[in-house]
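First up is the structure itself, then whatever we jot down about it.
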Amino acid sequence: MRHAALLGGKRIRPLLVYATGTLFGIDEAALDAPAAAVELIHAYSLVHDDLPAMDDDALRRGQPTVHVAFDEATAILAGDALQSLAFSQLAEAGFDAGARIAMVRELAIAAGASGMCGGQALDIEATGRGGEIALAELERLHALKTGALLRASVRLGAIAGNADPIARTVLDNYAEALGLAFQIRDDLLDVEGDSATLGKTAGKDQAQNKATFPALIGVEASRERLRRLGDDMREALSAFGENASALDTLGRRVIERDR
């Protein structure tokens, strides 16, 4: 579990929890539990994603994947335990019962069949089809697999801050653009990056003929779509003015990252 969760990473999801919660005046320390919870869910998903039955990858965050460093059975159990730990963190968070229940529900939906697991199932089904699937199908796949947990990260911060419905809608618009931008950048890095910088195996998507944005619409069109999504994020955050500078910074980091 420590190997999976503590060996680095971008920590974009917990940073989104902090950036959103502090937007509504919540102290950073109070956000530790939901921030940790969403990162634990992400770590569990990577452990299982790397398994031979899934992507069969040997490198993650510049280190051997859990099933390589230990064994496959240990990796499955470590992933399961990370997921359980995430929800125990939320159950013990320092918010009222209503907020804690809302956070548990939000994270459970994002991690399950209507979110990350459902998206992973679609990704497995699309593997080998490369550029053959429809653009709307690819966008739905990634809205579930990647976007749902990123949106949940923002929503956890909004729940902590007792944000009103209008603010939550604006933040959802930001998060949906962020989620798609994150995946497009990921797809581009698989084409343009190298394993040493990425900390994971470069070129794996193309080798497996996976459904990606560069495979479907090309590299240049993917870059243009990424630029437009950056505009969408900034437009959504304009409702909060300078108070949303941390969320704006994270949006730019997602678009400009090199790993």
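Only the coordinates and a few stated rules stand behind these numbers; no lab work does. Here the structure is a predicted model, which means the values were calculated and not measured. Glycine gets a Cβ as well: all are built from the backbone with ideal geometry, and neighbour counts include every protein chain shown.
With an a/c value of 1.5 or above and a/b larger than b/c for the gyration tensor axes a ≥ b ≥ c computed over the alpha-carbon atoms, the range 92-146 is described as prolate. Applying 1/(1 + (r/R0)^6) with r as the Cβ-Cβ distance of T169 and D71 and R0 = 41 angstrom yields a FRET efficiency of 0.35. Taken one residue at a time, the phi angles of the range 52-69 give Karplus couplings (6.51, -1.76, 1.60, θ = phi - 60°) of x, 6, 10, 8, 6, 10, 9, 10, 8, 6, x, 10, x, 5, 4, 5, 7, 5 Hz. Gly and Pro are set to x.
A convex hull fitted to the Cα coordinates of the range 2-256 yields 114 cubic angstrom per residue. Sparse packing (at most 16 other Cβ atoms within 10 Å of the Cβ) combined with a DSSP loop state is found for the following GluC sites (Glu not before Pro) in the range 65-171: E92. Charging the Cβ of each Asp and Glu at -1 and of each Lys and Arg at +1, and nothing else, the dipole of the range 2-256 about its Cα centre rounds to 240 debye. The amide H of L59, built 1.01 Å from its N in the peptide plane, has T65, T201 as neighbours under 5 Å, considering only residues 5 or more places off or on other chains.
For the range 62-128, a simple Cβ point-charge model (Lys and Arg +1, Asp and Glu -1, everything else neutral) yields a dipole of about 200 debye relative to the Cα centre.
Give me the base-10 log of I(q)/I(0) for the range 1-78 at each q in 0.16 Å⁻¹, Debye formula, one uniform scatterer per Cα, rounded to two decimals. Listed by q, the Debye log ratios stand at -0.60. Packing here is the average count of other Cβ atoms within 10 Å per residue, and on that basis the peptides 25-38, 224-237, highest first, run 25-38, 224-237. Take each peptide in 238-244, 251-257, count the other Cβ atoms within 10 Å of every residue, and average; sorted highest first, the result is 251-257, 238-244.
Is the range 23-140 best put as rounded, prolate or oblate by its Cα gyration tensor, with a ≥ b ≥ c the root eigenvalues, rounded for a/c under 1.5, and otherwise prolate when a/b is larger than b/c, oblate when not? Because a/c hits 1.5 or more and a/b fails to exceed b/c, the range 23-140 counts as oblate. Note on the range 24-44 and the range 88-122: Cα centroid distance 12 Å, given to the nearest whole angstrom. For the range 2-256, the residue among V47, L7, A126 whose Cα projects farthest onto the positive side of the dipole built from Cβ charges is L7.
Summary value for the chain: 23 percent relative contact order, contacts being C-alpha pairs under 8 angstrom separated by 6+ residues. Net charge around A5, counting only other residues with Cβ within less than 11 Å of its Cβ (Lys, Arg = +1; Asp, Glu = -1)? Cβ neighbours under 11 Å give a net charge of +2.
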